[in-house]
């Protein structure tokens, strides 16, 4: 009962701090400059580093247990001011950075943390004018980074299976940009049944595909059709079992370059005079990122030229089952262990020949 009541209180508090976001179509533009205006997001930071993000509304009042602040006392003034509540508690006032906004936004699903969003943008090789397919929009955190990166001349297509998540994401994205970005398309659908062929025939293939879902290996055939040759596929997964199955399926399909997996760990530092040390808390594991690139049509990805770890493909290993491959393959290994068999024989022959030369 207390948890339900607390959730309702937080929901009401958010409604008081943010009116409904505008859905007016707008182009993605650089962040605002100059005096703070009504309708903008601002972030107030107290001496304890507590952050409060609100939307400025003429005649409205910010309430907290540390006093009240009139929005009219902020509107029209520059960023970086210090303002007092009616209890004489000081706050610094800035426009929020995207990192801060993401961590404070209302959530339907877990957000992609800024440290992972930055790596996704880099691994997907995104820039102004890029076309991106995103599957699993969640709460819209990653979508904000994608839209800002591709700019007004690019496009982001977001596929979300759950309507409630799509609704939360739309509200968060529109609040951040001040309207509905014209470069963004949201579709409520399962990616596995989404009509990717119709989209590609009308708009062309995507430069990058980003998957954030429970079973990404089930949608690789869609990604293969959606992304152009040389385009990037970036997959966000949370567990090692998802990581292993996704990578092994990518290898078996033979149309993706050798997958690479990584995770980012972020640690801040305590700085106080001569006390300089790592903070006791850190942003540790949030997820794994898998990155690979699409091969050209009718081309088969090269095999790895290194031996697997001992026991990696032992008796307990079960290769993932895949659907019909995207291209015809006349000679195909039945298991990953067979894929490296020729390499092992070549290494053995090389060792034998060298031994004969030494004698």
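To the nearest 0.05, what FRET efficiency results for residue 258 and residue 125 with a Förster distance of 22 Å applied to their C-beta separation?
On the way: r = 17 Å, r/R0 = 0.76.
In this case the efficiency is close to 0.85.
Take the alpha carbon gyration tensor of region 2-101, find the square roots of its eigenvalues, order them as a ≥ b ≥ c, and report rounded if a/c is under 1.5; if not, report prolate when a/b exceeds b/c, else oblate. Don't jump to the answer; show the numbers that get you there.
Details: a/c = 1.69, a/b = 1.13, b/c = 1.50.
Oblate, since a/c reaches 1.5 and b/c is not below a/b.
Among rounded, prolate and oblate, which fits region 102-303 when a ≥ b ≥ c are the square roots of the eigenvalues of its C-alpha gyration tensor, a/c under 1.5 means rounded, and a/b larger than b/c means prolate?
Values: a/c = 1.85, a/b = 1.27, b/c = 1.46.
Oblate shape, in that a/c is at least 1.5 and b/c is the bigger or equal ratio.
Just to verify a number: FRET efficiency for residue 23 and residue 84, C-beta to C-beta distance, R0 = 30 Å, to 0.05?
On the way: r = 36 Å, r/R0 = 1.18.
That gives a FRET efficiency of 0.25.
Could I have the simple spin-label model distance between residue 167 and residue 49, label points 7 Å from Cα toward Cβ, reported in nm to one decimal?
3.7 nm
Under 14 Å from a label point 7 Å along Cα→Cβ of residue 98: give me every residue in region 16-43 with its amide N that close.
Zone members listed by number: 28-32.
If each of residue 298 and residue 272 carries a label point 7 Å out from its Cα toward its Cβ, how far apart are those two points in nm?
Between residue 298 and residue 272, the label points sit 6.8 nm apart.
Here, each number is a calculation from the coordinates, and none is a lab measurement. Quick caveat: nothing in here was measured; it's all calculated off a predicted structure. So basically every Cβ, Gly included, is an ideal-geometry build from the backbone, and we count neighbours across all protein chains shown.
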